[in-house]
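K.L.:
Have a look at this one.
None of the figures in this text is laboratory data; all of them are computed from the coordinates on show. The shown structure was predicted, so the numbers you read here are calculated from the model rather than taken from an experiment. Positions of Cβ are backbone-derived with ideal geometry, glycine not excepted, and every protein chain shown enters the neighbour counts.
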Amino acid sequence: MKYASQTQALVVSATAALILAACGGGGGDSSSGASSTSSNDVQVAPSLVPQTSQIDSTKPVGVFISEVANHHYSYTAAWLEIVNNSGKAIDLGNYGIRALVQNPVTGVGAGSETISLPHVTLAQGGRIVVAGKVSNGLLNSSHAIYIADATGNVPSWDSANGFVELVSNNQTVDFVHFGTDNTTPLTSGAWVGAPVPAMNSITTITTPFTGPYAMNASIVRLESAFKQTHSAADWTYVNFATPGGPNDVPAGVTDSDNDGIPDSAKISGNTFNGINLYSMGARPGQRDLFVQVDYMDHSTHNDAGIILQKRALDNVVAAFLPHNIYLHFDAGNLFSSGFNTSAYNLSGTVSNLHPFVSCVDVNPTTPGVETDAGCSDIYTIKAATFDYRRASIFRYMLLGYSQTNPARFGGSSGVAEILGPNFLVTLGNWNLSTGTAADLNSVVNYQAATIMHEMGHTLGLLHGGNENTNYKPNHLSVMNYMYQLNGVPDSSGAIPAGHTMSEINERYYYYQWDLQQAPSTAIVPGIANNDFMPDNMSNGPATTTFNLDYSNGTSAAMSESALIEGNVVGRTIAAGAFGDWDLSGALTTAPESVHIVDGGADSSYDTNMTDYNDWNNLTLSFARYPLSHYAGISLRSASTSSTQTAPYDPVLNTRMPVLAEEPLSAAVRARLQRH
């Protein structure tokens, strides 16, 4: 079995270069190491595939700083990008980065110094990102290296002023400074004239966050006008950084639909970070959402839950379309041997297949330190196939088997980052099959619902919409456990043809049956428990009409201490409809008190069960949202903290707080076991 790396047309993961430029604007590799106050001599695998083995005639010859990112927060690191157009491969260990440094924990500056780079062979035409190593979770790779001095200080600057100098043998290779900085380079003549103007700083916070003050902006040498005059004329401020790829986004572009993609990248002939998003389906006037889908080899572990169904992806795509959100999955060559957007192949011949591992988890902080011994983590698996240039645009999904070792029967269906790009779907060991049409439908619908649920967390949704109260019957969303695996019901309370109860009541009865630990006696007078099992639900998981949806927020607020059954959930109500909250089997006209949410285990009544407009509050632009570090503050049952942590950054903070789903209950596991 072949497991292909994603070495796509342009450098999959940026490779890079550093070389003597001095006054002439670039030179050959030096045999003398960089003079520095410390070393960071970590051996890293060489780059994957260079962009070209020949010198790019549109650029001056040499090695250059090609991008310097804006830096908003003292507790995060600053980063820059370097491109090699020297005509040969070089060893980065001969070079260093000179800049102001600071302690990333205290924010205290320590003057300027040169920090050496690790020994990494960088090909002609390659690019690499160099950033401060602010945590042990940042590991060197073929597309990014992380540096610090012996005391942990890292390069630093802010939007108002700063400088970066690439040095070798105490000579300037390249230099740039901006704002009010008055630093002079080591080599005379390596900079002339005034600094580059200061970068924009965040002065206002809006939601969604867009515009010139958005996250992930930078100063760049534009790919279309790459030059070396040792002056501010070489540099352009752009509000979309492009780490690891060509600086192909013009200055002052807009993101008119707030999907995190500049409008310029949705026009035929244009690219973003070297990626042709237009060919992948992005268009002006629509919100575009890209997701890479990876999966595991099932040849020796033929579990239906981990065999990706194209229909599942089709159904999720269809759920987003009415809201002008165009969802573009990339499953590699799984459903098509060549590039084919309708078959979810945005990568040509590239395979997104990984060897089977029974346990994968999502560790948000430290790689290699997992919740369960013997488990892999999603970040390590992702690195094998994910094109680094996609990091600002693409979400990442892995269809795995289990999150525990050993694998638990009916374990958690998934885990996702809140307002981050990564999510895991784990439906292995659920006793799923495709033996009948109904069985296949269930697999398709469980996959689709879980994909949409976990992706919802990356879009900023919690189980109650804007908060984590689960099982609210009026929150008609796949984010709600009451509806995730059973289908979002018709809100009117009408009884479908061929059924004896409304879809709302079917799902509510099943939830109550589960809470009562699967009693054999009827929980509702006159209704057999089997009548509301998932296989028998109207538009339930065994059907092809399963309803995937987020809520539109139009349900009325409900109070557990004053439930009115005739209101159902407060939307348009069918004649004679009712929500049977007291399980009487008939309409109760008087207000009633019933514990529903939080598994029915709370001792107090929730007097404000509110709906939420999920659709109007999706955050597609995860890499441009500075408040993502507050995600999870309102969670009830998940671990929370009010301590400020860094927002998502495609270079420096690629792991966000996560929310894992609960395992199936004993009652549901027993039902699946008998299935």
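K.L.:
Using Cα positions and a limit of under 24 Å, work out the lysines in reach of Lys227, with same-chain residues fewer than 8 apart set aside.
P.N.:
Cross-link targets: Lys59, Lys88.
K.L.:
Could the peptides 545-554, 394-403, 499-508, 427-436 be put in order, highest first, of the mean number of other beta-carbon atoms found within 10 Å of their residues? Don't skip to the answer; put the middle values down first.
P.N.:
Working: 545-554: 19.8, 394-403: 25.7, 499-508: 22.8, 427-436: 18.0.
Top of the packing list down: 394-403, 499-508, 545-554, 427-436.
K.L.:
Could you give me the ³J(HN,Hα) list for the range 342-355, computed from phi with Karplus coefficients 6.51, -1.76, 1.60 and θ = phi - 60°, whole Hz, x at Gly and Pro?
P.N.:
These are the phi-based 3J(HN,Hα) values: 6, 9, 6, 10, 10, 10, x, 8, 5, 9, 9, 7, 10, x Hz.
K.L.:
Let me ask something else about it. Among the lysines, which have Cα under 16 Å from the Cα of Lys133 when same-chain residues fewer than 8 positions away are ignored?
P.N.:
none
K.L.:
Would you list which aspartates and glutamates come within 20 Å of Lys382, measuring only between C-alpha atoms, while excluding same-chain residues fewer than 8 positions from it?
P.N.:
Result set, ordered by chain and number: Asp294, Asp297, Asp330, Asp361, Glu370, Asp372, Glu417, Glu454, Asp649.
K.L.:
Something else: To the nearest 0.05, how large is the calculated FRET efficiency for Ser231 and Gln286 if R₀ is 30 Å and r is the Cβ-Cβ distance? Provide the component values of the computation, followed by the final result.
P.N.:
On the way: r = 41 Å, r/R0 = 1.35.
The value I calculate is 0.15.
K.L.:
Can you run phi through the Karplus equation (6.51, -1.76, 1.60; θ = phi - 60°) for the range 94-103 and list ³J(HN,Hα) in whole Hz, with x for Gly and Pro?
P.N.:
8, 10, x, 10, 9, 6, 5, 10, 8, 7
K.L.:
Further, regarding this structure: I need the calculated FRET efficiency for the pair Ala160 and Gln517, taking r as the beta carbon distance and R₀ as 56 Å, to the nearest 0.05. Kindly include the intermediate steps, with their values, before the conclusion.
P.N.:
Details: r = 62 Å, r/R0 = 1.10.
Computed FRET efficiency for Ala160 and Gln517 comes out at 0.35.
K.L.:
Then there is this: Could you give each residue of the range 473-482 its phi-based ³J(HN,Hα) in whole Hz, using Karplus coefficients 6.51, -1.76, 1.60 with θ = phi - 60°, and x for Gly or Pro?
P.N.:
x, 8, 9, 7, 8, 5, 6, 8, 4, 4
K.L.:
Compute the separation of the alpha-carbon centres of the range 245-312 and the range 559-616 and state it in Å as a whole number.
P.N.:
40
K.L.:
Given 10 Å bins starting at zero, what is the percent of C-alpha pairs of the range 346-469 in each, up to the one with the largest pair distance?
P.N.:
Distribution as computed: 12, 39, 37, 11, 0 percent.
K.L.:
Express in whole angstrom the spacing between the alpha-carbon centres of the range 439-509 and the range 416-432.
P.N.:
17
K.L.:
Among Met452, Met479, Met533, which comes first, then next, by fewest other beta-carbon atoms within 10 Å?
P.N.:
Details: Met452 23, Met479 27, Met533 18.
If I rank by nearby Cβ atoms, fewest first, I get Met533, Met452, Met479.
K.L.:
Hey, can you grab everything whose amide H is under 5 Å from the amide H of Asp377? Only 5+ residues off in sequence or another chain; H modelled, so Pro and N-termini drop out.
P.N.:
Counting only residues 5 or more places away or on other chains, the set is Asp361.
K.L.:
Place the peptides 484-494, 123-133 in order of packing, highest mean first, counting for every residue the other Cβ atoms within 10 Å and averaging per peptide. It would help to have the intermediate numbers written out before the result.
P.N.:
On the way: 484-494: 23.4, 123-133: 26.5.
Put in order of decreasing packing, that is 123-133, 484-494.
K.L.:
Under the rule of at least 5 residues apart or a separate chain, name every residue whose amide H is placed under 5 Å from the amide H of Ala144.
P.N.:
Excluding prolines and chain starts, which carry no amide H, the hits are Val129.
K.L.:
Find how much the distance from Ser603 to Ser337 grows on full extension, using 0.36 nm per residue of separation minus their present alpha carbon separation; answer in nm with one decimal.
P.N.:
Working it through step by step, the gained length comes to 90.1 nm.
K.L.:
May I pose another question? Can you put Asp255, Asp582, Asp158 in order of Cβ neighbours within 10 angstrom, beginning with the fewest? All intermediate terms of the calculation are to be shown ahead of the outcome.
P.N.:
On the way: Asp255 23, Asp582 15, Asp158 18.
The order, fewest Cβ neighbours first, is Asp582, Asp158, Asp255.
K.L.:
Decide, for the range 467-617, between rounded, prolate and oblate: order the square roots of the alpha carbon gyration tensor eigenvalues as a ≥ b ≥ c, take rounded if a/c falls under 1.5, and otherwise choose prolate if a/b is larger than b/c, else oblate.
P.N.:
Numbers: a/c = 1.30, a/b = 1.08, b/c = 1.21.
The shape class here is rounded.
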